[in-house]
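Participant: Handing you a structure now.
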Amino acid sequence: MVSHANPYLERGLAFKVEGRYEEAISEFQRLLAEDPNSSDGHYQLGLVYGFTGMFDESIEELQHGGDPWLRPASKFAWNLALTYTMLGCTRKPNWSSGKSCAAIPTTSARWRA
């Protein structure tokens, strides 16, 4: 296993693999409290939020990778697109206006019911 040199990231990844998502979320949040610009922290937290049905939070974290439409091959773009697809979004969000898929008449609230 490759060392990521951050104990919060290491523990978070281990918890994620074990399906201990609440604990993984806690570790990734600690990582981001220490390093708010950690792309690994935002990416992993976004994935785990998606795994637990917290789609709004997942989208918010995955958007920290920059405009994914400018870098469509990025891991952020791929997982953000999957999250939007799960929410029934069929159009690209308008990043410049700050409007996301939530502006489309499909909201993530229905996925939590």
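Participant: Any idea which of (1) more than 15 Å from ASN79 (Cβ to Cβ); (2) out of contact with any Ser or Thr (no Cβ under 9 Å at 6 or more places or on another chain); (3) in a helix (DSSP H, G or I) is the one ILE25 doesn't satisfy?
Facilitator: Only one criterion is unmet by ILE25, namely (2).
Participant: Here is a follow-up. List, please: which pairs have Cβ atoms under 8 Å, are six or more places apart or on different chains, and start with a residue in the stretch 33-55 that is part of a helix (DSSP H, G or I) and surrounded by 14 or more Cβ atoms within 10 Å (Cβ to Cβ) and end with one that is at pLDDT below 95 and of a type in the set (Gly, Ala, Ser)?
Facilitator: Close Cβ pairs (under 8 Å, with a partner that is at pLDDT below 95 and of a type in the set (Gly, Ala, Ser)) amount to SER39/GLY65; HIS42/GLY65; TYR43/GLY65; GLY46/SER58; LEU47/SER58; TYR49/SER58; GLY50/SER58; PHE55/SER108.
Participant: In the stretch 11-50, what residues are among the acidic types (Asp, Glu) and within 15 Å of LEU62 (Cβ to Cβ)?
Facilitator: ASP40
Participant: Within the stretch 1-12, which residues are at pLDDT 90 or above and either over 10 Å from VAL48 (Cα atoms) or among the acidic types (Asp, Glu) (or both)? Explain how you work it out, then say what you get.
Facilitator: Narrowing the stretch 1-12 to residues at pLDDT 90 or above: 6-12.
Answer for the stretch 1-12, where residues must be at pLDDT 90 or above and either over 10 Å from VAL48 (Cα atoms) or among the acidic types (Asp, Glu) (or both): ASN6, PRO7, TYR8, LEU9, GLU10, ARG11.
Participant: Return only the number of the condition from (1) of a type outside the set (D, E, K, R); (2) in contact with a helix residue (DSSP H, G or I) (Cβ under 9 Å, 6 or more places away or on another chain); (3) at pLDDT below 75; (4) assigned to a helix (DSSP H, G or I) that GLY88 does not satisfy.
Facilitator: The number of the failed condition is (4).
The values are calculated or read from the model by the stated rules, or taken from the named source; none is laboratory data. What you see is a predicted model, and the numbers here were worked out from it, not measured in a lab. Neighbour counts run over all protein chains shown; Cβ positions are idealised from the backbone, glycine included.
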